[in-house]
Amino acid sequence: MTQEGDVVVTGTRTELAERIAGTRRGVGDPRALVGEMRRSVLLVSMDGEGLWSARSGGVRRVCAFTDETALARFAEVRGFADRSLDYAALLGARIVDVPDGVALDVAPDGSAR
């Protein structure tokens, strides 16, 4: 457990990724998962104008990742392997409720894992 400002961050990114996978399989409470995402540190690439986002089905979503490995894998497939990629480590509460939403741990092919 770590502390950022007045907010206590619980769990590791690996634990969060495991809970996300479980929820996608129908295990666990999705509402509790959203609360955990708000309390976790998420990685978001910066695109020069702000947070990196992608459009899918007519909706633009911020692309966030639970760890550097997931972010690097996605960036490599998207053609960013040959350059440095700036990213921010943000408390999930700052981005989970953005108007268009968040795509968390997007797989290299664009699907959520």
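The values are calculated or read from the model by the stated rules, or taken from the named source; none is laboratory data. Note that the structure is predicted; figures quoted are calculated from it, not measured. With ideal geometry, Cβ positions are generated from the backbone for all residues, glycine too; neighbour counts draw on all protein chains shown. Areas reflect the complete protein model, heavy atoms only, side chains present, ligands, DNA and RNA absent. Shrake-Rupley method; radii C 1.70, N 1.55, O 1.52, S 1.80 Å.
Residues in the range 26-48 that are open to solvent by 80 Å² or more (accessible area, probe 1.4 Å) and closer than 16 Å to VAL98 by Cα: 2 in all. Within the set of pairs 6+ apart or on separate chains, which have a first residue in the range 64-79 that is free of Cβ contacts under 8 Å to residues at least 60 places away in the same chain and within 25 Å of ARG38 (Cβ to Cβ), a second that is in a helix (DSSP H, G or I) and aliphatic (A, V, I, L, M), and C-beta atoms under 6 Å apart? Matching pairs, first to second residue: PHE65/LEU71; THR66/LEU16; THR66/ALA17. On the stretch given as the range 41-51, residues that are farther than 14 Å from PHE80 by Cα and either acidic (Asp, Glu) or at pLDDT 90 or above (or both) total 5.
When every residue of the range 52-59 is checked against the conditions, at least one turns out to be crowded, with 18+ Cβ neighbours inside 10 Å and either at pLDDT 85 or above or touching a strand residue (DSSP E or B) at 6+ places or on another chain (Cβ under 7 Å) (or both).
The sole residue among PHE74, PHE80 that is open to solvent by less than 10 Å² (accessible area, probe 1.4 Å) and of a type in the set (A, V, I, L, M, F, W, C) is PHE74.
Filtered by the rule that a residue be touching a helix residue (DSSP H, G or I) at 6+ places or on another chain (Cβ under 8 Å) and more than 17 Å from LEU16 (Cβ to Cβ), the range 66-96 gives ALA81, LEU85.
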